Amino acid sequence: MQRILGIITRMNEASCAGITLRGQTEVAARALADLFPNSSVAVFERDPGDEHARVIGGANLPLGWRTRVVRLHDVPLLGEALRYPERVIERTKHRLRRGTAADVGDIGGVADAQTAGRLQTICAAIPENGGSRYALMFVAPPVPSDSAVRAAAIEIARRLLAASAATGGADRSRMLAAIHRAKLEWEHTADALPEIVGLLDSRRRVVRISRAVERWQLGTVRGAIGRDLHSVLHPSCPGLDCALGAALERATLESSRASKASFEIADPVLALDLAVVLNPGAGDGREGLRERWPRTVFMVANVTSLRSAEREFKSLNHTLEQRVEARTSELLAVNRALRSEVERRREAERSLRRSTRDLEALSERLMNAQEAERKRISQDMHDSVGQTLSAIKYSLERAQVLSRREAPAEASAVIEVAIGRVQRLMDEVRTISMNLRPALLDDLGAASAVRGLCRDWQDVYRGIEVETDIAVQDAEIPPILVTNVFRAVQESLNNVARHAAAQHVCVSMRIMAGVLTVAVRDDGAGFAIDGESSPTAGTRGLRGLRERAERTGGRCEVSSAPGLGTTVQLEWPVAAGHAAHLANARLN
């Protein structure tokens, strides 16, 4: 009894000293534990309007009960005490529910196999304005033989209620009401956020969570209390190889070193992009507690739309870069094509200028050749035909005079001389005509005209042996090529006579694979072919041969070397229709 009086005295002193209700509850808990060594005493705290209460202190509590959260529905005795704070509630044969968060049957080890279900429980709540905040629960085996001690326990609870009434007042009630309103305002603010925010205790269990968890369809706020954050976000996840669970574990370890931890993850379970922040907060260091209660603030945000926009932006940026690269490549290709086209056109312009110069030179040479030919024909006509006609005229006039003198014999002799001169004149006119255009070209064809040309050329240049290899017929050469073939051979033979100093020359003509080939080969001195710088390659004769061949759709090639002679080869394509017509003519 003396011990009981001493405990009550300490409680009165604590009340007079202005110790808070929570502190006075702690003093009462230690006093009850001292009176009943086999008992356990728990001090609960509950926010007004909350359906959960948490253990914040006590005496003889097991480790698993520290900072434990219970639901009032699971502990009817505690809920009744908090609803009726003016009562001291006693249950002698109260049986607690097993397997729930409120299972206190193992407090202090008093619920052994013999006493389980026969526990003596006394619970009292401290009344405050608007409800009760603190409650004390005493659990011990019943002591029927010591009614004074049992009465003392009930008295301690009553004194605790009386002390709470003595320390109360209007100011304190208004303060508690303001705190309660502020708490509700902050809870409503947190519930309005789209992110899931809350508090974790030292064991990383959820003690506060916003109603965003319900909007995310992850369960209820009440169901999330007391669970770890991973099980709240993944209600049905087994936890094996879960990327979110591993990331939360790493962030928890990082935040345990009093540093802020955050990460982002694409969660396939929720099909969302999550941003998680764990920020360790200061513990609850109010007086009267033996230890601090560390808490961690967490926030889980849905950043799916933001990350989707970022991924879409990156995809668009990548697509834009690819398009830019493709367009750049196209522009480079077009630029190269344009440069090539510009260069081609420049080359065409240079070729056109060269052709224009060559055409001008050819026109000039043509005019000069025409003038020279007219001069030669005029000279021939004057030297041979003119003189011969003058002599014939003189002979005929003399014969006329002799006939008047009646000297027929002398007149006849003069006429005979005139007739001889007329015959020579006819031969000279025929020679001039042959030089202008051989009659064989019109009478027979190019092959026969070339053969006749070679015979006449042999008669003039007896020191040069002429060999002919003409394997074509006159009809096989198209009419458009007759004159050009003859003039090409004539010009080549004239070049041999003037420049080659040859002893042998070969003229060949044949048709192979639809191509007429005319070649003039000599064994003369030859010359070095080095392009336009060669003094011989640019002579009028060879240039005229090339121009004559190109003008009629053929080509001319000149091959030569010093001391090895010269070969001039001209080629013209022969129409397939013309060749077939000739073949049919031969068969008929």
| field | Pick from the stretch 405-425, criterion modelled with pLDDT of 80 or more and among the acidic types (Asp, Glu), ranking: surrounded by the fewest Cβ atoms within 10 Å (Cβ to Cβ) | value | GLU416
| said: Please go through (1) loosely packed, with under 15 Cβ neighbours inside 10 Å; (2) within 26 Å of GLU550 (Cα to Cα); (3) among the hydroxyl-bearing types (Ser, Thr, Tyr) for SER390 and return the number of the only condition it doesn't satisfy. | reply: (2)
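To keep it simple, each residue is scored yes or no on (1) loosely packed, with under 13 Cβ neighbours inside 10 Å; (2) assigned to a helix (DSSP H, G or I); (3) at pLDDT 90 or above; (4) within 47 Å of the chain's Cα centre (by Cα).
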site	(1), (2), (3), (4)
GLU187	no, yes, no, no
LEU199	no, no, no, yes
SER202	no, no, no, no
ARG208	no, no, no, no
CYS237	no, no, no, yes
LEU240	yes, no, no, yes
LEU253	yes, yes, no, yes
| request: Output the helices (runs of 4 or more DSSP H) that fall wholly within the stretch 370-469 and possess 1 or more residues being under 27 Å from VAL520 (Cα atoms), or say none. | output: 408-436, 439-443, 446-460
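Would you be able to tell me the number of residues in the stretch 224-235 that are closer than 16 Å to ILE265 by Cβ and assigned to a loop (DSSP other than H, G, I, E, B)? Steps first, please.
Of the stretch 224-235, the ones closer than 16 Å to ILE265 by Cβ are 229-230, 232-234.
Still in the list and also assigned to a loop (DSSP other than H, G, I, E, B): 234.
Number of matching residues: 1.
So which residues in the stretch 493-515 are part of a helix (DSSP H, G or I), in contact with a Ser or Thr (Cβ under 9 Å, 6 or more places away or on another chain) and crowded, with 20+ Cβ neighbours inside 10 Å, if there are any at all?
Scanning the stretch 493-515 gives ASN495, VAL496, ALA500.
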| task | Confirm whether VAL342 is in contact (Cβ under 8 Å) with a residue 12 or more places away in the chain, part of a helix (DSSP H, G or I) and farther than 30 Å from LEU542 by Cβ. | result | no
| task | Under 7 Å between Cβ atoms, at least 6 apart or on separate chains: pull out the pairs that start in the stretch 374-390 with a residue that is not assigned by TED's automatic domain parsing to the domain that holds VAL422 and end on any residue that is among the aromatic types (Phe, Trp, Tyr) and surrounded by 13 or more Cβ atoms within 10 Å (Cβ to Cβ). | result | none
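Per-residue answers, yes or no, for (1) modelled with pLDDT of 90 or more; (2) not hydrophobic (A, V, I, L, M, F, W, C):
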{"position": "GLU264", "(1), (2)": "yes, yes"}
{"position": "PRO268", "(1), (2)": "no, yes"}
{"position": "ASN279", "(1), (2)": "no, yes"}
{"position": "GLU291", "(1), (2)": "no, yes"}
{"position": "PRO294", "(1), (2)": "no, yes"}
{"position": "VAL303", "(1), (2)": "yes, no"}
| said: When the residues of the stretch 426-447 are narrowed to those that are out of contact with any strand residue (DSSP E or B) (no Cβ under 9 Å at 6 or more places or on another chain) and under 16 Å from ALA471 (Cα atoms), which ends up modelled with the highest pLDDT? | reply: GLY445
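So is GLU467 touching a His at 6+ places or on another chain (Cβ under 9 Å) and in the same structural domain as VAL515 (by TED's automatic domain parsing) or not?
Numbers: touching a His at 6+ places or on another chain (Cβ under 9 Å): yes; in the same structural domain as VAL515 (by TED's automatic domain parsing): yes.
Considered against the rule, which asks whether it is touching a His at 6+ places or on another chain (Cβ under 9 Å) and in the same structural domain as VAL515 (by TED's automatic domain parsing), GLU467 comes out as yes.
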| task | May I ask you to list pairs of residues, at least six apart or on different chains, whose Cβ atoms are under 8 Å apart, with the first in the stretch 233-254 being touching a residue at least 12 places away in the same chain (Cβ under 8 Å) and the second being of a type in the set (D, E, K, R) and part of a loop (DSSP other than H, G, I, E, B)? | result | THR252/ARG204
| message | Condition (residue is hydroxyl-bearing (Ser, Thr, Tyr), at pLDDT 75 or above and surrounded by 21 or more Cβ atoms within 10 Å (Cβ to Cβ)) applied to the stretch 35-48: is it met by at least one residue? | response | yes
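The values are calculated or read from the model by the stated rules, or taken from the named source; none is laboratory data. Keep in mind the model is a prediction, meaning the values are calculated, not measured. Methodologically, a virtual Cβ is constructed for each residue, glycine included, from the backbone with ideal geometry; neighbour enumeration extends over all protein chains shown.
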